[in-house]
Amino acid sequence: MSRLQVELPGLSLKNPVMPASGCFGFGREYAKLYDLNVLGSMMIKATTAEPRFGNPTPRVAETPAGMLNAIGLQNPGLDKVIGEELAWLEQFDVPIIANVAGSQAEDYVEVAREISKAPNVHALELNISCPNVKTGGIAFGVDPEMAADLTRQVKAVSDVPVYVKLSPNVTNIVAIAKAIENAGADGLTMINTLLGMRLDLKTGKPILANRTGGLSGPAIKPVAVRMIYEVSQAVNIPIIGMGGIQTAEDVIEFFYAGASAVAVGTANFVDPFVCPTIIEKLPHLLDELGYDHISDCHGRSWKHVAYHRA
Amino acid sequence: MSRLQVELPGLSLKNPVMPASGCFGFGREYAKLYDLNVLGSMMIKATTAEPRFGNPTPRVAETPAGMLNAIGLQNPGLDKVIGEELAWLEQFDVPIIANVAGSQAEDYVEVAREISKAPNVHALELNISCPNVKTGGIAFGVDPEMAADLTRQVKAVSDVPVYVKLSPNVTNIVAIAKAIENAGADGLTMINTLLGMRLDLKTGKPILANRTGGLSGPAIKPVAVRMIYEVSQAVNIPIIGMGGIQTAEDVIEFFYAGASAVAVGTANFVDPFVCPTIIEKLPHLLDELGYDHISDCHGRSWKHVAYHRA
Amino acid sequence: MMQKQWMDVVSQREIATDIFELVLQGSLTAAMQPGQFVHVKTAEGDTPLLRRPISICSVDLEKQQFTMLYRAGGQGTKLLARKRAGEQVDVLGPLGNGFPVDEAHPGQTACLVGGGIGVPPLYELSKQLTAKGVRVIHVLGFQTKEAVFYEEEFQSLGDTYIATADGTYGTAGFVTDVLTHEGIQFDILYSCGPTPMLKALEERYHGRKAYLSLEERMGCGIGACFACVCHLQNDPTGYTYKKVCSDGPVFPIGEVVL
Amino acid sequence: MMQKQWMDVVSQREIATDIFELVLQGSLTAAMQPGQFVHVKTAEGDTPLLRRPISICSVDLEKQQFTMLYRAGGQGTKLLARKRAGEQVDVLGPLGNGFPVDEAHPGQTACLVGGGIGVPPLYELSKQLTAKGVRVIHVLGFQTKEAVFYEEEFQSLGDTYIATADGTYGTAGFVTDVLTHEGIQFDILYSCGPTPMLKALEERYHGRKAYLSLEERMGCGIGACFACVCHLQNDPTGYTYKKVCSDGPVFPIGEVVL
Ligand SMILES: Cc1cc2nc3c(=O)[nH]c(=O)nc-3n(C[C@H](O)[C@H](O)[C@H](O)COP(=O)(O)OP(=O)(O)OC[C@H]3O[C@@H](n4cnc5c(N)ncnc54)[C@H](O)[C@@H]3O)c2cc1C
Ligand SMILES: Cc1cc2nc3c(=O)[nH]c(=O)nc-3n(C[C@H](O)[C@H](O)[C@H](O)COP(=O)(O)OP(=O)(O)OC[C@H]3O[C@@H](n4cnc5c(N)ncnc54)[C@H](O)[C@@H]3O)c2cc1C
Ligand SMILES: Cc1cc2nc3c(=O)[nH]c(=O)nc-3n(C[C@H](O)[C@H](O)[C@H](O)COP(=O)(O)O)c2cc1C
Ligand SMILES: Cc1cc2nc3c(=O)[nH]c(=O)nc-3n(C[C@H](O)[C@H](O)[C@H](O)COP(=O)(O)O)c2cc1C
Ligand code: FES
Ligand code: FES
């Protein structure tokens, strides 16, 4: 299984596959279905300083090959996440990536400082890209300076490496990625959801109570691949890629694009066993394709840049 | 059929359904399949001053519920479009919207001036959002000032109303739309394609020779609806909506969002009869939903803004 | 326990306008309780992407079969309606917490109130209640005559009143009209149906022993995504909640905000 | 003329590893020419979204049936391979310009060179050529023994040489090796197969009377989207082009850039 071993800042992963934040709760439900120890890592649900209820329902809507969500960062709050959820997760040999959210910089800083002390939290994922909250979230993610500033503040108080989660709802994702790298981020995770909307045929009203929501699932995969391709060639920090991954083949495509590990979100709802299924399939797929190690796939698409740019 | 009649600047449309630019050529092929007179309008393939071959092949790739294209504005050039294509199209009682493209402002201006003189060209569609060319195209569409400036220049030389086609690959589409409105545009068309990419599983190379391409089809529908919803409430010029439309139900959803007419792109490839099928279905759907006129659907989603924003 | 299983289609038929009865076979049936639901992938591939929550209508433990009744209304359920005997369906379940059968005691009267596509889960409930000696009364509301289903099945278990909104069958009006006109008395009430109906019952029977089954749009169906939460009625903090999929779909009356 | 039609599946069977023979029935067959293709929607719904171009392998005008042979390799063709007799398939066609049968005259010898999944369109061509008294020689290349199909069918029409890249059957190597070793002579050549094969033929038979059928990724399949263009060999301006879907897929040797 060492063919899947991946080393990232703070994270020594037995394989590069992990559930994406918000699509796996804190693991309790999936633990009833399979042994979480098979996972490379786990990105837990966004945590804020105070408990949050989130947005009114309906919070999800289906779209062609995708879904919209507007959960609104519901979570039990920092204290309970540390005291109950992370404590419960200690039984597993899985390094946790804690997804950190807030309304203003101070909130992020507080959550980062405290949650990074939890023994099984090996890295933070700064969520500056949630499109479903009125303040904070995406506001930080679309402005290079704000993103850099927040990264710096969080980095200063964190005991573990800090990954920043990028929003795809921007004109120039490379500029934002570079600003975040310069601010000291240890890695990037991308992409969060695309802003979308669906209207009810009968009423004309938005299906989501929050009106707009975040688009995820296979529909957004080509956008994610393109952005990872662009950003990975512009920065020197690793990228954990996500956006529509459903199969081992998709994982390889993300590695080709320039990801060093991947997260699976929406697909968990379609098939709750998707993560272990992918992890089991990967070595066979590496055989078929003739690679020794998953990292051999990393950035293969880059090589053609020079040629095509000529 | 007057239930579908729609009046827009320069365009008196017997119905609000038209093929989107680049997905219908100049109509010749579809004319072999059905009578083009059923169409509300037709957005012809992007025209540039000089003939263009476009990008190397492969130029298309499939994605979940969508496709990527990187045609690269292939077209026979201004003279032939006017002399052959538009002349041929005069046999139909269909007002044409000419899609205008170029590498620099002067190109756009030249094409706009000449093509707007053609008797059956009733409006222009300024393509400042093509993601598949190295110069021009999307570069104009992601910067409010450049977009406004180009709009002003084209508006000054055009004999017919000017619609500007917006790119979805931006952080703040409302800002760009407003800038374009202030520059004197008569209408907006949106959305062009989202930038995306696919990599070949075996080689790791991009499937498209151009590496990246524009994502279209049902996958992008929720993004289009969201953007039209936002822009239509911020501007006072009409919007021709597009992005993933396949059915009469989709048309209604776009009207609810704030579109005043719609264009159908990728769906023509899936079902070449999609436009006449939608046009035939629309009155029945209006009956089912209890609307007298298609325009009764316009902006229905807006009403809920105040409520939800409270 | 909850499993994901390719179950065999035993039979499928349309029993009322757009209402289908689908019988599936597989070991997953072993753990099923009335009021629980399954999460069904209606098509392979990416469209429709999400699973569909459908209630368990009746279970045959011996044959390892269960029945679901559903309305083929949207994209997913219409595809499901095409499945034929011999094909397979991808089912995740059983999910959620069902109706507490134990709360009704032999000799007592249970009133089962269903509305439209909320009627199905009451059938297995009624079977289990009658089996343990509880007297059952069914009050079932539908839109119109063509939408009525399973009347005989319910009738064979206990008194069954039908209301139709347009008056084309049974009592004209809503289930609450039946409850009033017939002066129905009970020790315990179980209900499933549209939210307005549940709200009317809550107003009427506040403080009584009653259980309501809720509907909400779902993502995961197992409690992980927070798509289906509802507020608690007694909630000083404002952020306590229950998940319809894993804490429900059945809640005691008065517990959650409808 | 080109139509869109739901055609009936008459039969489907796997004739070699992952190679399927699908027979469809419908009036659309009336206009079919050898070398033309159809554009097939392999699944309802949005995935896969695009149609798949597949060549016409043989036509039975009387029965209004045609046969296609295809490799179930990707998402769409794998779904197509599941279709059974009695089901229907959404077909747009016939499309493009086929092989010019008229260019071969009775008594002449035509050499038909096919590679892999480029072999199928040569079959109807061979039938029509032999019917008009042209002598045909088939040179067919495959990857490996298990991939060989329709050998007998071609054999019944004329001399048939098989090459396999791995040497497990027939001549070891490529079709060009057969052409060399057997010293095959002809008046006219028709070919369909992978681009490297077509290029090798072009080098070899430049200036001869020959027709090559090309493959390219397609959008519309009817000439409207400019997905499938190729350059002309003789192109002083750099922007003249042909569309594989509507100007081709068959081009005279030397006309377009391979
Ligand atoms: C616990 C539970 C039990 C249910 N039991 C039954 C049953 O026994 N029989 C039955 O006919 N229906 C039942 N429903 C409703 C059923 O889930 C929806 O009718 C179905 O999901 C609609 O899918 P569609 O493909 O027809 O519609 P689409 O419009 O294609 O659905 C689009 C999306 O919206 C969701 N959605 C649409 N309507 C509803 C709804 N009313 N409730 C929840 N999600 C919805 C779908 O699940 C899907 O994600 C139940 C719902 C829940 C929550
Ligand atoms: C004129 C013409 C005639 C053809 N005739 C035959 C035939 O008779 N038998 C046969 O097996 N194959 C034939 N092909 C190739 C066939 O179209 C592809 O194998 C098929 O489209 C692949 O679809 P998929 O679902 O298996 O693969 P996917 O990987 O799911 O396809 C993804 C996308 O790429 C396109 N694509 C992938 N490979 C090819 C290819 N080689 N050529 C063109 N598009 C491709 C698909 O059409 C689709 O849009 C022909 C191609 C052309 C252009
Ligand atoms: C229901 C849902 C909840 C989510 N919650 C969060 C969250 O709390 N924090 C976060 O950073 N991303 C969140 N996301 C985004 C995912 O982590 C992921 O970036 C996105 O869904 C794209 O991946 P996918 O297509 O595999 O789902 C959520 C996504 C979904 C669908
Ligand atoms: C093959 C192809 C070619 C296109 N060419 C053009 C073009 O020349 N000019 C333009 O403005 N948009 C072009 N577009 C964009 C479409 O007009 C449309 O904005 C987009 O595809 C979204 O609509 P759809 O999802 O219905 O296809 C093209 C799209 C496709 C798929
Ligand atoms: S549906 Fe995911 S928590 Fe209930
Ligand atoms: S496939 Fe559209 S022009 Fe050939």
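The values are calculated or read from the model by the stated rules, or taken from the named source; none is laboratory data. Given the structure is predicted, the values throughout are model-derived calculations rather than measurements. Glycine also receives a Cβ, built like all others from the backbone with ideal geometry; neighbour counts cover every protein chain displayed. Note: accessible area is taken over every heavy atom of the protein model, side chains too, but ligands, DNA and RNA are not part of it. Shrake-Rupley method; radii C 1.70, N 1.55, O 1.52, S 1.80 Å.
Key figures
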{"item": "Ordering of C:9-17, D:157-165, A:45-53 by burial proxy (mean other Cβ atoms within 10 Å per residue, highest first)", "result": "A:45-53, D:157-165, C:9-17"}
{"item": "Where C meets D: accessible area buried, both sides, 1.4 Å probe, Å²", "result": "400"}
{"item": "Percent accessible area from carbon and sulfur atoms, chain B, protein chains only, probe 1.4 Å", "result": "49"}
{"item": "For C:Val139, distant residues with modelled amide H under 5 Å away", "result": "C:Leu112, C:Val113, C:Gly114, C:Tyr161"}
{"item": "Cα centroid of region B:49-82 to Cα centroid of region A:1-35, whole Å", "result": "42"}
{"item": "Percentage relative contact order, region D:49-125, counting C-alpha pairs under 8 Å, at least six apart", "result": "38"}
{"item": "Electrostatic dipole magnitude of chain D [Cβ: Lys, Arg +1; Asp, Glu -1; Cα centre; debye, to 20]", "result": "440"}
{"item": "Using a Förster distance of 41 Å, the FRET efficiency for C:Thr130-A:Arg113 (Cβ separation, nearest 0.05)", "result": "0.10"}
{"item": "Sequence-separation-based contact order of region C:214-258, relative, with Cα cut under 8 Å and 6+ spacing, percent", "result": "40"}
{"item": "Calculated label separations, C:Ser11, copies of the chain, 7 Å along the beta-carbon direction, nm", "result": "3.5"}
{"item": "D_trans [Stokes-Einstein, Kirkwood Rh over alpha-carbon pairs] for the protein assembly as shown, 20 °C, 1.002 mPa s, µm² s⁻¹", "result": "68"}
{"item": "Axial C-alpha extent at least 27 Å, average Kyte-Doolittle at least -1.0 - helices from chain B (DSSP)", "result": "none"}
{"item": "For region D:7-74 and region B:135-196, distance of Cα centres in Å", "result": "44"}
{"item": "Estimated [θ] at 222 nm from DSSP helical runs (n ≥ 4, -39500 (n - 2.57)) normalised by residues in chain C, nearest 500", "result": "-4500 deg cm²/dmol"}
{"item": "Accessible area expressed per residue, region A:226-310, with surrounding protein chains retained (probe 1.4 Å, Å²)", "result": "34"}
{"item": "Using a 7 Å Cα-to-Cβ projection, D:Lys63 label spacings across copies, nm, ascending", "result": "4.0"}
{"item": "Label zone at D:Lys145, where the point sits 7 Å out along the Cα-to-Cβ direction: region D:1-39 residues whose backbone N lies under 17 Å", "result": "D:16-18"}
{"item": "Those residues of region C:47-78 for which accessible area with every protein chain present is at least 50 Å² below the isolated value (1.4 Å probe)", "result": "C:Thr47, C:Leu49, C:Leu50"}
{"item": "Charge context of D:Ala110, other residues only, Cβ under 10 angstrom, K/R +1, D/E -1", "result": "0"}
{"item": "Accessible area in the full protein assembly, largest first, 1.4 Å probe, for C:Arg84, B:Arg3, C:Arg208", "result": "C:Arg84, C:Arg208, B:Arg3"}
{"item": "Förster-model FRET efficiency, 30 Å R0, D:His206 and D:Gln108, C-beta, rounded to 0.05", "result": "0.90"}
{"item": "Stretchable slack from C:Glu44 to C:Trp6, in nm (0.36 nm times residue separation minus alpha-carbon distance)", "result": "12.5 nm"}
{"item": "Lys/Arg +1, Asp/Glu -1 at C-beta; chain A dipole; positive extreme among A:Thr247, A:Thr63, A:Gly187", "result": "A:Thr63"}
{"item": "Summed side-chain charge close to C:Ala147 - residues other than C:Ala147 whose Cβ falls under 13 Å, Lys, Arg +1, Asp, Glu -1", "result": "-3"}
{"item": "Sequence of C:Met218, B:Met197 from largest to smallest accessible area, 1.4 Å probe", "result": "C:Met218, B:Met197"}
{"item": "FRET E, pair A:Thr135, A:Asn182, Förster distance 30 Å, beta-carbon r, rounded to 0.05", "result": "0.75"}
{"item": "Region B:31-124, accessible area per residue, ligands and nucleic acids excluded (1.4 Å, Å²)", "result": "31"}
{"item": "Charge dipole magnitude, Cβ of K and R +1, D and E -1 - region D:40-173, Cα centre, debye nearest 20", "result": "280"}
{"item": "Summed buried accessible area for B+A [probe radius 1.4 Å, Å², rounded to 100]", "result": "4000"}
{"item": "Occluded residues from region B:204-221, i.e. those whose accessible area drops by 20 Å² or more once the chain is not alone (1.4 Å probe)", "result": "B:Gly204, B:Lys205, B:Pro206, B:Ile207, B:Ala209, B:Arg211, B:Thr212, B:Leu215, B:Pro218, B:Ala219, B:Lys221"}
{"item": "Within the accessible area of chain C (1.4 Å probe), percent carbon and sulfur", "result": "46"}
{"item": "Debye, to nearest 20: dipole size of region C:102-147, +1 on Lys, Arg Cβ, -1 on Asp, Glu Cβ", "result": "140"}
{"item": "Amide proton proximity set for D:Ser58, modelled H, under 5 Å, gap of 5+", "result": "D:Thr67"}
{"item": "Relative contact order, percent, chain B [alpha-carbon distance under 8 Å, six or more residues apart]", "result": "18"}
{"item": "Total accessible area lost when D and B pair, probe 1.4 Å, Å² to nearest 100", "result": "2700"}
{"item": "√(5λ) per eigenvalue of the Cα gyration tensor, region A:160-244, largest first, Å", "result": "30, 13, 10"}
{"item": "Set of lysines near D:Lys209 by C-alpha distance (under 24 Å), chain-local residues within fewer than 8 positions excluded", "result": "D:Lys127, D:Lys132, D:Lys199, D:Lys242, D:Lys243"}
{"item": "Cβ-vector label at 7 Å, D:Arg208, separations to other copies in nm", "result": "9.2"}
{"item": "Nearest-to-axis residue of chain C, judged by beta-carbon position, where the axis maps C onto D, in Å", "result": "C:Thr47, 3"}
{"item": "Furthest towards positive pole of dipole, C:Ala200, C:Cys220, C:Asn234, structure part region C:197-258, Cβ charges", "result": "C:Ala200"}
{"item": "Inter-site label distance for D:Arg13 and B:Phe273 at 7 Å from Cα along Cβ, in nm", "result": "3.3"}
{"item": "Separation of the D:Thr195 and A:Glu106 label points, Cα + 7 Å toward Cβ, nm", "result": "6.2"}
{"item": "Accessible surface, per residue, of chain D when the full set of protein chains is kept, probe 1.4 Å, Å²", "result": "40"}
{"item": "Residue among C:Lys199, C:Lys41, C:Lys63 with the largest mean-square fluctuation in a Gaussian network model of chain C, springs linking Cα atoms under 10 Å", "result": "C:Lys63"}
{"item": "Test item: A:65-72 mean partner chain Cβ contacts at 10 Å", "result": "6"}
{"item": "Per residue convex hull volume, Cα atoms of region C:86-197, in Å³", "result": "132"}
